[in-house]
Amino acid sequence: MNNQSIVLFLMGPTAIGKSKLSLQIKKIFPKVELLSVDSKLVYQGLDIGTDKPTSKDLQKYGYRLVNIVKPQIIYSAIDFYKDATKEIKNILKFGKIPLLVGGTMLYFKILLNGFASLPPSNPDIRNYIYTNICFKKKKRLFDILKKIDPVYSKKIHMNDVKRVLRAVEIFFVSGGQSRSQLIQSVHKKLPYKIFQFGLIPHDKSVLYTNIVQRFHHMLDSGLEEEVRALYKQQDLNISLPSINSIGYKQMWLYIQNKYSYQDMINHTIKSTVKLVKHQLTWLKKWTNITYIYDNQKYLLIKKIQNILKNNF
């Protein structure tokens, strides 16, 4: 086996310390190249609320797929698949080893399994479309479908609101691709030998404490000022995935006087804990993965060392 067949995955929930660990790995193993698997780190200007590595670290360690699109863009799972597979090929081409790091489990899944299916449902976006764009009028909803997906609109009745709404939602979630286009698009899984590691908490209460402390650190570091700067941009709104992300959504609502300051804090922490539970549920069901407790990170260093020793 040669280095062109090796890819490393490092998954884990929010606030468990994946980014710091990945930088440590990069220092120890120079052949490793870091690639972010995070649906929010792709956005420019979303720095504090995403706990993004510093500009200095990004430049020093070459983290890929960070700061690649403006927050006005809807960056889809399909966009990630195309960007990630391209970056992986480039890394391997130069004799390096891709280390994919992040907590967006859907992104890892499509790299492992490939996909010809549609993106998962997003209740928030679906509700926003129906309530604020179509004003709960099924004819208006169907007219939108006819414009964005004329092929599918001929196969479905206007009164089938559930399916019509899902088709319109797909257009928004996928970044402007219709249901008909996606059905025809088949993406293959990665053709490499993949070593998967999951960073999990040795004590969930410690992780939840870290979540609270981390968010208060974000507030102290200027999260409100960062979101206010985004709020001033007229082409940004809370329906966009960038602004609708945890921390930014709640601060946006605070700026709009829809939340008190304390409500903003409480809702952000609650949403983050909910996200972590969701991420851990994904990890529990994962296959072909080696779990590493967050208080035994040195074991991951040893395992990577063994992988390199046995394959190079």
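Could you pull out the residue among LEU219, LEU190, LEU207, LEU165 that is surrounded by 13 or more Cβ atoms within 10 Å (Cβ to Cβ) and within 30 Å of LYS309 (Cα to Cα)? Exactly one of LEU219, LEU190, LEU207, LEU165 is surrounded by 13 or more Cβ atoms within 10 Å (Cβ to Cβ) and within 30 Å of LYS309 (Cα to Cα), namely LEU190. Applying a threshold of 6 Å to beta carbon distances and a minimum spacing of six or more residues, or different chains, the list of pairs starting in segment 116-130 at a residue that is farther than 20 Å from ILE78 by Cα and ending at one that is of a type outside the set (D, E, K, R) and modelled with pLDDT of 80 or more reads TYR128/SER239; ILE129/VAL168; TYR130/LEU165.
Residues of segment 19-48 that are touching a residue at least 40 places away in the same chain (Cβ under 8 Å) and farther than 21 Å from THR85 by Cα: LEU21, GLN24, ILE25, ILE28, PHE29, GLY45, LEU46, ASP47, ILE48. Against the criterion of being in contact (Cβ under 8 Å) with a residue 40 or more places away in the chain and either buried (at least 19 other Cβ atoms within 10 Å of the Cβ) or under 22 Å from the mean Cα position of the chain (by Cα) (or both), SER245 qualifies. Taking the conditions (1) surrounded by 12 or more Cβ atoms within 10 Å (Cβ to Cβ); (2) at pLDDT 90 or above in turn, ASN127 satisfies each one other than (2). Each residue in segment 48-67 was checked for being surrounded by 17 or more Cβ atoms within 10 Å (Cβ to Cβ) and part of a loop (DSSP other than H, G, I, E, B), and 10 of them qualify. Candidates LEU118, LEU99, LEU65, LEU111: the one that is closer than 27 Å to VAL164 by Cβ and of a type in the set (A, V, I, L, M, F, W, C) is LEU118.
One residue alone among VAL42, VAL32 is of a type in the set (A, V, I, L, M, F, W, C), at pLDDT 95 or above and within 15 Å of the chain's Cα centre (by Cα), and that residue is VAL42.
The values are calculated or read from the model by the stated rules, or taken from the named source; none is laboratory data. The shown structure was predicted, so the numbers you read here are calculated from the model rather than taken from an experiment. All Cβ positions, even for glycine, are placed from backbone atoms using ideal geometry, and neighbour counts span all protein chains on display.
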